[in-house]
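Below is one structure, written out as structure tokens; the observations come after it.
Any read-out appearing in this document is the output of simple, stated calculations on the displayed coordinates, not a laboratory observation. From a predicted model like this one, the values you see are computed outputs, not experimental measurements. Glycine gets a Cβ as well: all are built from the backbone with ideal geometry, and neighbour counts include every protein chain shown.
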């Protein structure tokens, strides 16, 4: 194999790896001892790892414990919240939704977000007015789609 063919093969393998990473999902389990509502507790997530920028997050309904973000978290790709589910972002904490894969249109929220921190919505996310009804609290929502420049809005 020539050096150039080897280089192409390595590039293809890395691209495939990144593509496969972008398609991971994590479903909230919650209720694990000593970290019942901790977003950053790996055992609260299917697969045993905290969501990252390549993850589509699913927060199902019918759980006894729902996630609470208490500090800065890793950005996620997308968020799907089923009806009756909740997510809390505490003061000083933040959640960034990148929406780069287009899954769930970046986010699909049928549950309720209590935002007392910062919720950042990436450029790729399709923000609709229905979303605004699902977010409450004293936090900031940062969205570049709300205007020419990034806007911070308080509800």
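Once the principal axes of the Cα atoms of region 25-154 are found, what is the range along each, listed largest first in whole angstroms?
45, 29, 25
Just round it to a whole percent: the fraction of Cα-Cα distances in region 68-139 exceeding 14 Å.
Everything past 14 Å amounts to 56 percent.
Relative contact order of region 25-154, please, whole-number percent, based on alpha carbon pairs below 8 angstrom and at least 6 residues apart. Before the final figure, lay out the partial values.
Numbers: 364 pairs, mean separation 22.2, N = 130.
Result for region 25-154 is 17 percent.
Would you mind ranking 57, 50 by Cβ crowding within 10 Å, fewest neighbours first?
Arranged by neighbour count, lowest to highest, 57, 50 become 50, 57.
Under the definition of Cα pairs under 8 Å and six or more residues apart, what whole-number percent is the relative contact order of region 48-106? Please report the intermediate quantities before stating the final value.
On the way: 122 pairs, mean separation 21.5, N = 59.
Once divided by the residue count of region 48-106, the mean separation gives 36 percent.
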